[in-house]
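All remarks here apply to the structure that follows.
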Amino acid sequence: TNLRELHVCAALTTLPVPIARLVGLRTLEVRDILGGAHHLTQLPPAIFAGLSNLTSLCIGCHSLTELSSSMLANLHLTSLALDGCRALRGPLMLAPMTALTALTISRCYRLSLTPPPLLQTLEVDNSDQMFKDLHGIMQSVPALRALTLKCTVTSPRNFRRGALALAHALPSLASLESLCLSPGQLGEGSLLMIGLALRAWPKPSLTLRSP
């Protein structure tokens, strides 16, 4: 088949086996239905084994409890988005995904991760856990060009820790061109730390904006 893009939104307990035969597939989005009778809890590695041309994967399954790092590493993804996978727990080891350049993590409240070293675009909109791990994440992505942080954490301590990690990481992110924050959630102290880091790091092409 010549199908290049597939979006699945249904009450499923597993992915349909015929998807494995879509060898030309480049983009796959899988979402379940909130309130549905059936929920997808895992992605069968056997189905993804044949998707050698897949470059973009979006998963929005709130009951997903398992996502195989080795399965992801065997794909040649350049873009990965996890949205609303509230039951998914970390750590998610993405370091072996050397082709991955764009990563979005949204509303995955229990997830921690190790990002790939060549990541260029990172968008984080989720949890205390992610902000708690932000220092390690920033240390792992020297090639980052665009960073979006939507600050929805509930723990002031974890948020301050994340803001401090960002302030410390900025001088080493020499390729960063775009920084997007949610200032409405930023405390005065956090803004000061980030502002001082930006002042000490003159980057004429940097765009600082609010989503």
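The values are calculated or read from the model by the stated rules, or taken from the named source; none is laboratory data. Only a predicted model underlies this, so the values are computations on that prediction, with no experimental measurement involved. In this analysis, Cβ positions are derived from the backbone assuming ideal geometry, glycine residues included, and neighbour counts consider all displayed protein chains. These area figures cover heavy atoms from the full protein model, side chains too; ligands, DNA and RNA do not enter into them. Shrake-Rupley method; radii C 1.70, N 1.55, O 1.52, S 1.80 Å.
A few points about this structure:
- Translational diffusion coefficient of segment 84-138 (Stokes-Einstein, Kirkwood radius from Cα pairs, 4 °C, 1.567 mPa s): 115 µm²/s.
- ³J(HN,Hα) computed for each position of segment 133-147 - Karplus, 6.51 cos²θ - 1.76 cosθ + 1.60, integer Hz, glycine/proline x: 9, 4, 4, x, 5, 5, 5, 9, 10, x, 8, 4, 10, 9, 10
- Once all protein chains are placed together, ARG161 keeps about 90 Å² accessible to a 1.4 angstrom probe.
- Separation in nanometres of the label points that stand 7 Å from Cα toward Cβ, at VAL8 and THR98: 2.9 nm
- Per-selection Kirkwood Rh - segment 29-118 (Cα, Å, 1 d.p.): 13.2 Å
- Rel. contact order, % - alpha carbon contacts under 8 angstrom, at least six apart, segment 76-149: 29 percent
- For segment 60-77, backbone nitrogen atoms closer than 14 Å to the point 7 Å from ALA143 Cα along Cα-to-C-beta are found at 77.
- Accessible area per residue (1.4 Å probe, heavy atoms of protein chains only) ranks VAL8, VAL30 as VAL8, VAL30, with the largest value leading.
- In order through segment 77-85: 3J(HN,Hα) via Karplus (6.51 cos²θ - 1.76 cosθ + 1.60), integer Hz, x for Gly, Pro: 6, 9, 9, 9, 10, 10, 10, x, 7
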